[in-house]
Amino acid sequence: MDLVAKYQGVVGRVFGNENSGSSEDSYVERLLDRISNGVLAEDRRAAMLELQSVVSESRAGQMAFGAMGFPVILSVLKEERDDVEMVRGALETLVSALTPIDHAKGPANEVQPTLMNSDLLSREVDNISLLLSLLSEEDFYVRYYTLQLLTALLTNSPQRLQEAILSIPRGITRLMDMLMDREVIRNEALLLLTYLTREAEEIQKIVVFEGAFEKIFSIIKEEGGSEGGVVVQDCLELLNNLLRNSASNQVLLRETMGFDQLLSILKLRGTTYRFTQQKTINLLSVLETINLLIMGGPETDPGRDSNKLTNKTVLVQKKVLDHLFMLGVESQWAPVPVRCTALHCIGDLIANHPKNLEELASKRLGEEPDLEPALNSVLRILLRTSSKQEFMAADYLFNNFCQQNPDGQTMLASTLILQPQSMIHAPVEEDINMSFGSMLLHGLTTGENDGDLETCSRAASVLSHVIKGNNQCKEKVLQIELEAPMPTLGGPEPLLHRMVKYLALASSMKSKDGKSSTSENAFVQPIILKLLIIWLSDCPNAVQCFLDSRPHLTYLLELVSNPTTTVCVRGLAAVLLGECAIYNKSNVSGKDAFSIVDAISQKVGLTSYFLKFDDMQKSSLFTSAKPFLPRKPLTRSTAASMSEIEDGGNESSDQKNEHPMLTSVFDSPFVYFLKRLEADIREKIVETYSSPKNQVTVVPAELEQRSGENNVDYIKRLKTFVEKQCHEIQDLLSRNATLAEDLAKTGGNNSSPLERKVSGGSDRVQLETMRRDLQEAYQRIETLKADKAKAESEASTYKNLAGKTESDLKSLSDAYNSLEQANFQLEKEVKALKSGDIEALKEEAREEALKESEAELNDLLVCLGQEQSKVDKLSTRLRELGEDVDKLLEDIGDDVGADEEDEDEDEDD
């Protein structure tokens with residue numbers, strides 16, 4: 001101690017301040033010269049002690065040592081192994097040269113002497129080999145300082161040290177042997193191996209080959225399992241390093257030692273309600289180990305899926321669910337991070353694993369005779385917990401249970417039965433005897449009266465999992481009707497309508513302290529909107545039920561356009577509005593798909609409506625949703641602060657400005673579902689908008705005259721059809737103008753290329769569709785005009801032919817009258833010639849005359865029949881053209897009568 005005091009005084013006199021570089025160099029150089037060339041052993045040891053002190057206290061001393069000290073110190077380690085005190089001093093000096101001096105930090109851009117010294121020492125493989133050889137020395141401090149030196153070297157130059165150790169024969173073996181040394185040495189070796197195996201796959205394999213699993217579990221057992229100290233944490237961190245990116249190491253652990261010793265660490269011992277910080281960290285570490293086994297290895301490993309499935313099966317067979325439920329559900333005195341992680345592990349264990357799903361569905365918790373289904377217990381936690389992280393973990397479990405599990409969804413949906421009126425308003429604490437579905441419905445309606453919709457939104461999230469992708473469950477829930485909160489408010493209302501009501505209430509609710517709940521309950525509207533989106537997806541009956549109440553559509557249009565709501569709420573409302581169009585099978589005016597699209601166009605504007613999708617996709621919640629978000633490895637540095645644990649330690653930096661519960665809403669599958677749905681909505685709306693009504697489509701048969709339809713009705717129907725075409729063409733022109741205006745407003749330089757590509761592409765499709773429809777309509781009008789002109793020309797022609805035919809009929813009538821008179825005269829002559837000798841001759845003459853007259857009459861009748869046929873055809877065509885044939889014939893008759901009278905007067909004259 002006297003030497004140290006003397007040295008500190010000398011340093012103060014010699015150095016003065018740390019900027020006197022030449023003084024420092026000269027002082028370190030003199031110390032090194034005494035160590036290298038000193039004669040007396042005591043003087044050399046004193047010089048080594050002074051050197052160690054100056055290096056540990058001064059950055060300038062570290063710099064000076066790095067410039068000239070390594071050859072001298074390494075020479076001591078090589079050649080003076082017998083002088084244990086000198087070797088200890090040399091190792092201690094090297095450790096000090098590689099250890100940062102916190103209280104003397106310089107500028108950020110200044111050279112760091114510890115990094116420079118680490119680089120110099122690790123540059124030669126022989127130096128690392130020399131240090132490893134010191135691990136075989138008998139002296140405790142030599143081995144201890146050597147491990148400290150290697151750990152410091154690994155912290156500053158990890159890759160170079162890893163490569164050097166791999167190139168040295170039995171390098172890893174020597175380190176592994178230290179695990180069986182005295183406790184202090186063992187702990188240092190354990191810490192060194194933990195650092196060494198974080199990223200080095202080859203080192204991991206060698207460590208496992210050297211029996212790491214057996215040694216790790218032996219130390220954990222010796223230290224007391226989860227009740228142990230930081231050594232247990234180091235052991236579990238080393239174990240996790242070996243399993244994290246190696247499916248082969250996981251298989252080796254499973255097939256050699258099994259998972260029994262691992263699961264025994266989860267078993268709570270002693271006073272189970274006491275959870276110290278270290279115990280919490282140890283439990284989180286072993287839960288991380290189980291999570292790594294559930295993952296099965298890196299995604300690039302071809303055998304990952306098979307290994308994952310086997311690990312899940314074996315873990316459940318070993319009753320891991322009992323331990324996880326004890327930590328996550330039954331031990332409510334356990335810290336929130338432990339409960340959350342345990343619930344997450346349960347969710348991962350059952351995901352896409354039918355046998356484990358069945359095991360969970362039949363799992364019951366508690367003690368006889370008060371056993372209840374495990375899912376009921378998890379639901380109670382989800383509805384009651386004050387921790388957002390715990391809600392998200394329980395919600396994650398239900399999501400995985402219902403994912404691709406229609407039987408499980410049906411089982412849960414079958415329990416959705418309303419409780420008696422006396423139980424509907426009962427406190428949440430009295431739900432112990434309720435079924436899963438009754439508890440869920442109770443949670444859906446609990447918060448309305450006290451102004452807190454958080455419980456309702458949590459239950460809504462679970463309900464969305466129960467009905468997702470299962471139309472049978474959607475129809476089942478659609479039939480549920482809730483009693484009105486007060487009898488004066490009317491009769492029962494569908495559950496779907498109640499959820500829309502809560503959606504509207506969420507924007508006006510106040511929090512319990514009387515302040516606006518917009519920020520606190522920012523997750524309520526998105527969660528309810530998510531439920532409605534999943535409910536209406538591919539379910540026309542749900543769409544019809546939603547539209548049965550006219551205010552629903554009006555509110556949704558207002559929500560899409562409301563600038564005070566968040567981007568995500570407006571985007572989700574736009575998606576829900578689109579579903580009302582694409583899954584709409586109604587033919588009722590005002591509720592059909594065309595009416596929905598027309599309302600969007602009139603109230604919001606199509607371009608503005610589509611921009612709601614783009615804005616939502618640009619939000620951080622959309623861009624940060626990833627298929628797999630790996631957890632941070634739990635190390636000493638991350639576990640040192642409890643805030644890292646209590647916050648969950650798994651929240652990405654770009655999500656910290658968003659409410660944590662929204663991350664559970666916008667998970668990767670839901671984001672992917674919305675993107676696919678958005679594409680369908682865009683296509684359907686453009687199609688509906690460009691072809692407004694199905695009745696517009698004209699079949700050729702409609703242009704033909706129907707059987708039994710007279711000409712007047714036919715012409716009226718054609719005129720009506722043309723008028724309808726003109727109205728719809730005008731409608732199309734106005735819509736086209738609206739689209740052009742919207743495109744002009746949003747197609748400027750302010751919009752990004754992506755926006756112009758997305759919105760411009762859809763507008764171009766719409767404009768092209770409009771243009772094509774207009775061309776077809778114009779062609780139809782031109783065709784109808786030509787048909788009309790042709791029909792008018794034919795009518796004029798037929799009218800002329802009718803006049804000529806009437807004239808021919810008059811001539812035929814005159815000829816017929818002449819024949820009748822001639823026949824009458826002949827009959828008179830026949831009567832006169834009945835007597836006399838010439839009777840036979842007269843008879844013969846009469847017969848000949850009759851034959852001639854009959855022949856002429858037959859010719860006239862044939863001509864008359866032909867003309868009558870023409871008249872009938874002309875009359876029919878005139879009737880088809882809308883002319884009054886009877887009136888024409890009366891006029892002709894009058895003309896004929898007038899002509900006869902004129903002839904009679906002429907004869908009288």
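The values are calculated or read from the model by the stated rules, or taken from the named source; none is laboratory data. What you see is a predicted model, and the numbers here were worked out from it, not measured in a lab. Positions of Cβ are generated from backbone atoms using ideal geometry, with glycine treated the same way; all protein chains shown enter the neighbour counts. Side chains are part of the model used for accessible areas, which takes the heavy atoms of the whole protein and leaves out ligands, DNA and RNA. Shrake-Rupley method; radii C 1.70, N 1.55, O 1.52, S 1.80 Å.
Here are a few things to note about the model shown:
- Test: residue in the range 72-83 that is at pLDDT 85 or above and within 19 Å of Thr155 (Cβ to Cβ): no
- Residues that are without any contact (Cβ under 8 Å) to a residue 60 or more places away in the chain and touching a Leu at 6+ places or on another chain (Cβ under 8 Å), drawn from the range 288-307: Thr289, Ile290, Leu292, Leu293, Ile294, Gly296
- Residue match in the range 189-199 (condition: over 47 Å from the mean Cα position of the chain (by Cα), under 23 Å from Glu223 (Cα atoms), among the hydroxyl-bearing types (Ser, Thr, Tyr) and modelled with pLDDT of 90 or more): no
- Condition met for Ser435 (at pLDDT below 90, open to solvent by 30 Å² or more (accessible area, probe 1.4 Å) and closer than 28 Å to Thr663 by Cβ): no
- Against the criterion of being closer than 18 Å to Cys340 by Cα, modelled with pLDDT of 90 or more and in a helix (DSSP H, G or I), Asn291 qualifies.
A quick yes/no check of all residues on (1) closer than 30 Å to Glu372 by Cβ; (2) open to solvent by 10 Å² or more (accessible area, probe 1.4 Å):
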site: Asn245; (1), (2): no, yes
site: Leu293; (1), (2): yes, no
site: Met326; (1), (2): yes, yes
site: Val329; (1), (2): yes, yes
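- Annotation note: of Leu115, Leu191, Leu147, Leu135, the sole residue that is among the hydrophobic types (A, V, I, L, M, F, W, C), open to solvent by 70 Å² or more (accessible area, probe 1.4 Å) and part of a helix (DSSP H, G or I) is Leu115.
- Scanning the range 253-267 turns up one or more residues that are open to solvent by less than 10 Å² (accessible area, probe 1.4 Å) and outside any helix (DSSP H, G or I).
- Of everything in the range 513-530 that is aliphatic (A, V, I, L, M) and in contact with a Leu (Cβ under 6 Å, 6 or more places away or on another chain), the residue that is modelled with the lowest pLDDT is Val524.
- From the options Glu829, Glu820, residue that is open to solvent by 80 Å² or more (accessible area, probe 1.4 Å), modelled with pLDDT of 75 or more and part of a helix (DSSP H, G or I): Glu820
- Of the residues making up the range 658-694, those that are open to solvent by less than 40 Å² (accessible area, probe 1.4 Å), of a type in the set (Ser, Thr, Tyr) and at pLDDT below 80 number 5.
- Enumeration of residues in the range 321-348 that are part of a loop (DSSP other than H, G, I, E, B), of a type outside the set (Ser, Thr, Tyr) and modelled with pLDDT under 90: Gln332, Trp333, Ala334
- Selection of the range 349-358 for residues being surrounded by 14 or more Cβ atoms within 10 Å (Cβ to Cβ) and at negative phi yields Leu349, Ile350, Ala351, His353, Asn356, Leu357, Glu358.
- Residue match in the range 592-602 (condition: surrounded by fewer than 19 Cβ atoms within 10 Å (Cβ to Cβ), over 22 Å from the mean Cα position of the chain (by Cα) and not in a helix (DSSP H, G or I)): no
- Among the residues here, Glu214 does not qualify as within 21 Å of Ile265 (Cα to Cα) and crowded, with 17+ Cβ neighbours inside 10 Å.
- Of the residues examined, Lys810 is one that is modelled with pLDDT of 65 or more, part of a helix (DSSP H, G or I) and under 30 Å from Thr876 (Cα atoms).
- Which numbered condition Lys585 fails, given (1) assigned to a loop (DSSP other than H, G, I, E, B); (2) at pLDDT 85 or above; (3) farther than 26 Å from Glu687 by Cβ: (3)
- Applying a threshold of 6 Å to beta carbon distances and a minimum spacing of six or more residues, or different chains, the list of pairs starting in the range 593-611 at a residue that is more than 19 Å from Pro563 (Cβ to Cβ) and of a type in the set (A, V, I, L, M) and ending at one that is at pLDDT below 90 and assigned to a helix (DSSP H, G or I) reads Ala593/Thr688; Val597/Ile685; Val597/Thr688; Val597/Tyr689.
- Filtering the range 296-320 to residues that are assigned to a helix (DSSP H, G or I) and buried (at least 22 other Cβ atoms within 10 Å of the Cβ) leaves Lys308, Asn311, Lys312, Leu315, Val320.
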